[in-house]
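The values are calculated or read from the model by the stated rules, or taken from the named source; none is laboratory data. All values derive from a computational prediction rather than experimental measurement. Cβ placement follows ideal geometry from the backbone for every residue including glycine, while neighbour counts extend to all protein chains displayed.
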Amino acid sequence: MEHYHMNLTLKVWRQKNNKAKGSFETYKVKEISSEMSFLEMFDVLNEQLILEGKSPIAFDHDCREGICGMCSMHINGQVHGPWAQNTTCQLHMRAFKDGDTIVVEPWRSKAFPIVKDLMVNRSAFDRIIEAGGYISVNTGNAVDANAIPIDKKKADDAFMAAACIGCGACVATCINGSAMLFVGAKISQLALLPQGGPERESRALNMVAQMDKEGFGNCTNTYACEAQCPKGISVANIARMNKEYIGAGFATEEN
Amino acid sequence: MNSKIPQGEMDKKWEDYKGHVKLVNPSNKRKLEVIVVGTGLAGASAAASLGELGYKVKAFCFQDSPRRAHSIAAQGGINAAKNYQNDGDSVFRLFYDTVKGGDYRSREANVHRLAEVSTSIIDQCVAQGVPFAREYGGLLSNRSFGGTQVQRTFYAAGQTGQQLLLGAYSAVERQVALGNVTMYRRHEMEDVVLIDGIAKGIVARNLVTGELERHGAHAVLLCTGGYGNVFYLSTNAMGSNVTAAWRAHKKGAFFGNPCFTQIHPTCIPVSGDHQSKLTLMSESLRNDGRIWVPLKQADTRKGSEIPEEERDYYLERRYPAFGNLVPRDVASRAAKERCDAGYGVGTTKMAVFLDFADAIKRYGRIEAGKKGITDMPEKDIVALGKDVVAEKYGNLFEMYAKITGENPYEMPMRIYPAVHYTMGGLWVDYELQTTITGLYALGEANFSDHGANRLGASALMQGLADGYFVIPYTLGNYLADEIRNGAVDPNQQAFLDTEKLVAERINKLLAIKGTKTVESFHKRLGKIMWDKCGMARNAEGLKQAITEIRSLKAEFWTDVRVPGEVNEMNPELDKAGRVADFIELGELMCIDALDREESCGGHFREESQTEDGEAKRDDANYAYVAAWENKGDSEWALHKEDLSFEIVKPTQRSYK
Ligand SMILES: Cc1cc2nc3c(=O)[nH]c(=O)nc-3n(C[C@H](O)[C@H](O)[C@H](O)COP(=O)(O)OP(=O)(O)OC[C@H]3O[C@@H](n4cnc5c(N)ncnc54)[C@H](O)[C@@H]3O)c2cc1C
Ligand code: SF4
Ligand code: FES
């Protein structure tokens, strides 16, 4: 692959902590290789800032392989930047050209308060899982793994839903700040598997209740979440969640 | 040092141990507190299982959620001796393969237990809703991994670690909801607190506020992962570090076989100085991909343009019995050998090809056959074959394309070995207890089961074995005697003293205000380690490395620049503390590598090789675990745990 170098202008959101007022700062970076990842470009900028005696930009990242879900930048108006089905850490600089200006912000959502600069607090997602995103099976309780055959199609669909990395881009890109795609993916995964059966109803009710409590917005079917999800999680999961939720509602009334 | 291996026949030891171990009754469990540092497969499975038993668990991780621990990145799969494929697998065979794969430098009793519990792991994970790959009949699918001749690897596309971790994470979150586990996110353990030499808690730093916190408990479990990042470039996540283990080491926990590092043969090669990490291309790819280099040196043609007869499939040539599926250490050295000899490919010439063209055609023909078509045109066969390959490895191919900008369905991948895993770690006995009473180490953080080389798909197995099925028993055996000791008060002098030392160290780092960044020191350390303590090592290089690391350490502590304040979120400060520990660890790794004048597994001493360049062990002099005791600044004493092999008699490992 041919590579090239570029000079760029960056406008980055800086905010000292959760209480402070934030604002954009402008930086210039030079001689950036098209082979770098977007976060490596940030590494270069941070090294430069430290040597200039300035404070480096705080951002979340860990695996840099698109799987941990930690990285979370809003780049030129798009969550995780311009590439489809991609995380910030997997975005590479060949997506940009010499002279570009790039605007970088944190996730913006009521339920994800800013921690510092580009870092946000996504612990609301953990609390939603706590509310029911599991199968209640203690260690040692399991039957033989092949005792219950599972239809391959269902297993595959469960896997596709389970591929969610919990990054929160769906929330950040949604005009309503809805977490339906994230929640729908987990509810679907467990509803598709026979092991998830016994707790289907309480799971759907409790997870949705927690989601509302955390201050996530409603879904108005704009489907921005699916379009921007780095793992291609399908909105069909939202439909399945609604079905589970309504079904559970009826079931409780009947009881 | 007492390894506490139970008496009796190898295959009865664990059963026997479990039958006689001390128990804690349920009402007492509620009064006992356990700290679990780390929420990867080892930590999450331990925290969940201990919470279920009724202990009060406090779990810590430095990421913003326990679900993001580095285990999430594991790709290829997890082994278990289920023998679902009826291809001759058994607990014994998994045990045997692991001891042999580890080049006879692991403890047989631990490995046997690992093989025994492996089957329960798969059951547990399926019950949690882990969506493993399945066949059309609805049963679980398996694949092969390097170093074995059976199919015992369970997988979820190329995201096995993610799915296993999310299973364990959900089990932890369930315990959080039940009030049995308290989760401390964005917290870094800074030190372990000892009272009368016994681990009674930790000092942790809240990474958001910068505040130090003291936490007391009746036992502390370190599940903090491996230290491959000592090489700067590795396949590990950016935050993976040795800090927790290292601080424990400096408090008295011996460090086992620090120089045993796994260099994984199939990673995307380095592209330039800006590189911050390396990306693994799962070993499962070697099931279908063929590794080769051009027969001609410095061949600049594209891989797809080099005709069959001008290719050297060097693994198939050198190791006809295992071919592309030789263990990792063997495959890595073979790649280095070809590149050093001038046959490397790509711009840097430090890469070999991993080619799927044959597999694509083979699968395409099978698919055509299933449809009953015998005269399908080549291009349609290829299209069908690509679909099959995409189903098996799609996410890996995508990752490769994103990073390199090349399409691996059309062109062979370029790969090169990279640091991946550390077999070394805190020395533990059969109960996973370190040499500090009350302090345990699980998962990659301990040295235990993999000897000098880990077989693929065995780390996930070990992490979950330790957490789900071993520690619930062995910890109970210790805690049974702790019931008389009430809650541990974190305001005792020992806690205050430790906290003060931690604060002083942090303030010292900030006060240096030198001229060089933390990153620049880390890169320099990595280069020394890779050049002199990497894939090939020799006495002269190791001695040089030790001198270089000592001066690097002095320079770090006088000239590093750590920006920002102590009482705020300060990722540079976190990194500085970790790099300071890596520098010290690097020195010990070189000392250990220098001491071990034999080659074994991933540790290749150039002075000790066979005529055809294979690793040559020296069982007469080195059949021991090197357990290093820290004696102060740059001073260590070596303790040896002699290894005896009752069942798997050491032979020269051969995969030919
Ligand atoms: C890219 C890649 C692919 C792999 N693929 C496979 C595979 O297919 N099969 C296989 O068997 N193995 C594989 N491995 C190896 C395997 O993933 C790891 O060995 C294993 O997951 C380690 O698990 P762990 O629980 O010991 O540690 P980790 O998952 O590394 O977890 C460490 C935990 O400790 C915490 N921590 C660390 N330091 C501190 C501190 N100071 N304070 C507080 N918390 C701390 C972290 O927050 C984290 O929660 C792979 C490894 C890599 C890098
Ligand atoms: S659904 Fe997609 S965007 Fe939302 S958290 Fe999961 S992976 Fe991220
Ligand atoms: S850093 Fe892990 S997904 Fe981006």
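Data for the structure
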read-out: Helices (runs of 4 or more DSSP H) (entirely within region A:180-255) containing at least 2 residues that are under 22 Å from A:ASN121 (Cβ atoms); value: A:180-192, A:200-213, A:224-228
read-out: Qualifying position, being in contact with a Lys or Arg (Cβ under 8 Å, 6 or more places away or on another chain), within 16 Å of ligand 1 (Cβ to nearest atom) and under 21 Å from A:GLU130 (Cβ atoms), among A:GLY215, A:GLY166, A:GLY196; value: A:GLY166
read-out: Selection status of B:ARG186, in contact with a strand residue (DSSP E or B) (Cβ under 9 Å, 6 or more places away or on another chain), touching a residue at least 40 places away in the same chain (Cβ under 8 Å) and within 16 Å of ligand 3 (Cβ to nearest atom); value: yes
read-out: Conditions (1) among the charged types (D, E, K, R); (2) part of a helix (DSSP H, G or I); (3) free of Cβ contacts under 8 Å to residues at least 24 places away in the same chain; number of the one not met by B:ASP574; value: (3)
read-out: Positions within region A:197-243 being within 14 Å of chain B (Cβ to nearest Cβ) and either within 16 Å of ligand 3 (Cβ to nearest atom) or basic (Lys, Arg) (or both), in sequence order; value: A:ARG200, A:ARG203, A:LYS213, A:PRO230, A:LYS231, A:GLY232, A:ILE233
read-out: Count of region B:93-148 residues which are among the aromatic types (Phe, Trp, Tyr) and without any contact (Cβ under 8 Å) to a residue 60 or more places away in the chain; value: 2
read-out: Residue satisfying condition, being buried (at least 20 other Cβ atoms within 10 Å of the Cβ), more than 16 Å from ligand 3 (Cβ to nearest atom), part of a loop (DSSP other than H, G, I, E, B) and not β-branched (Val, Ile, Thr), within set A:ALA145, A:ALA155, A:ALA161; value: A:ALA145
read-out: Strands (runs of 3 or more DSSP E) contained in region B:178-254 and holding at least 3 residues crowded, with 23+ Cβ neighbours inside 10 Å; value: B:187-195, B:198-206, B:219-222
read-out: Condition met for A:ILE129 (facing chain B (nearest Cβ under 7 Å) and buried (at least 24 other Cβ atoms within 10 Å of the Cβ)); value: yes
read-out: Some residue of region B:418-431 being modelled with pLDDT of 95 or more, within 14 Å of chain A (Cβ to nearest Cβ) and crowded, with 22+ Cβ neighbours inside 10 Å; value: yes
read-out: B:GLY342 being in a loop (DSSP other than H, G, I, E, B) and at pLDDT 95 or above; value: yes
read-out: Some residue of region A:67-74 being crowded, with 24+ Cβ neighbours inside 10 Å, touching a residue at least 40 places away in the same chain (Cβ under 8 Å) and on the phi > 0 side of the Ramachandran plot; value: yes
read-out: Test: residue in region A:164-172 that is under 19 Å from A:LYS243 (Cβ atoms), within 16 Å of ligand 3 (Cβ to nearest atom) and in a loop (DSSP other than H, G, I, E, B); value: yes
read-out: Enumerated helices (runs of 4 or more DSSP H) restricted to region B:437-531, each holding at least 1 residues that are surrounded by fewer than 24 Cβ atoms within 10 Å (Cβ to Cβ); value: B:471-479, B:493-512
read-out: Evaluation of A:ILE57 against (1) within 11 Å of another protein chain (Cβ to nearest Cβ); (2) closer than 22 Å to B:PRO66 by Cα (one fails), failing number; value: (2)
read-out: Conditions (1) exposed (fewer than 15 other Cβ atoms within 10 Å of the Cβ); (2) not in a helix (DSSP H, G or I); number of the one not met by B:SER551; value: (2)
read-out: Which listed residue is within 20 Å of A:ALA224 (Cα to Cα), without any contact (Cβ under 8 Å) to a residue 40 or more places away in the chain and facing another protein chain (nearest Cβ under 8 Å), from A:ALA142, A:ALA155, A:ALA162; value: A:ALA162
read-out: Filter pass, A:PRO194 being within 11 Å of chain B (Cβ to nearest Cβ), in contact (Cβ under 8 Å) with a residue 40 or more places away in the chain and not charged (D, E, K, R); value: yes
read-out: Some residue of region A:19-37 being within 11 Å of chain B (Cβ to nearest Cβ) and within 16 Å of ligand 1 (Cβ to nearest atom); value: yes
read-out: Residues that are under 20 Å from the mean Cα position of the chain (by Cα) and not β-branched (Val, Ile, Thr), drawn from region A:43-67; value: A:ALA58, A:PHE59, A:ASP60, A:HIS61, A:ASP62, A:CYS63, A:ARG64, A:GLU65, A:GLY66
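Matching residues to (1) modelled with pLDDT under 95; (2) more than 14 Å from chain A (Cβ to nearest Cβ); (3) within 19 Å of B:ALA48 (Cβ to Cβ):
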position: B:ALA115; (1), (2), (3): no, yes, no
position: B:ILE121; (1), (2), (3): no, no, yes
position: B:VAL126; (1), (2), (3): no, no, yes
position: B:GLY147; (1), (2), (3): yes, yes, no
position: B:LEU207; (1), (2), (3): no, no, no
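For every residue, the table says whether it meets (1) farther than 17 Å from B:GLN128 by Cβ; (2) more than 16 Å from ligand 2 (Cβ to nearest atom).
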residue: A:VAL171; (1), (2): yes, no
residue: A:SER178; (1), (2): yes, no
residue: A:PRO198; (1), (2): no, yes
residue: A:LEU205; (1), (2): yes, yes
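Quick grid of which residues meet (1) farther than 21 Å from B:LEU114 by Cβ; (2) part of a loop (DSSP other than H, G, I, E, B):
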residue: B:ALA44; (1), (2): no, no
residue: B:ALA47; (1), (2): no, no
residue: B:LEU50; (1), (2): no, no
residue: B:LYS58; (1), (2): yes, no
residue: B:PHE62; (1), (2): yes, yes
residue: B:ARG67; (1), (2): yes, no
residue: B:ILE72; (1), (2): yes, no
residue: B:LYS82; (1), (2): no, yes
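Per-residue answers, yes or no, for (1) away from chain A (no Cβ under 12 Å); (2) modelled with pLDDT of 95 or more; (3) away from ligand 1 (no atom under 14 Å from the Cβ):
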{"residue": "B:ILE198", "(1), (2), (3)": "yes, yes, yes"}
{"residue": "B:ALA204", "(1), (2), (3)": "yes, yes, no"}
{"residue": "B:HIS218", "(1), (2), (3)": "yes, yes, yes"}
{"residue": "B:SER284", "(1), (2), (3)": "yes, no, no"}
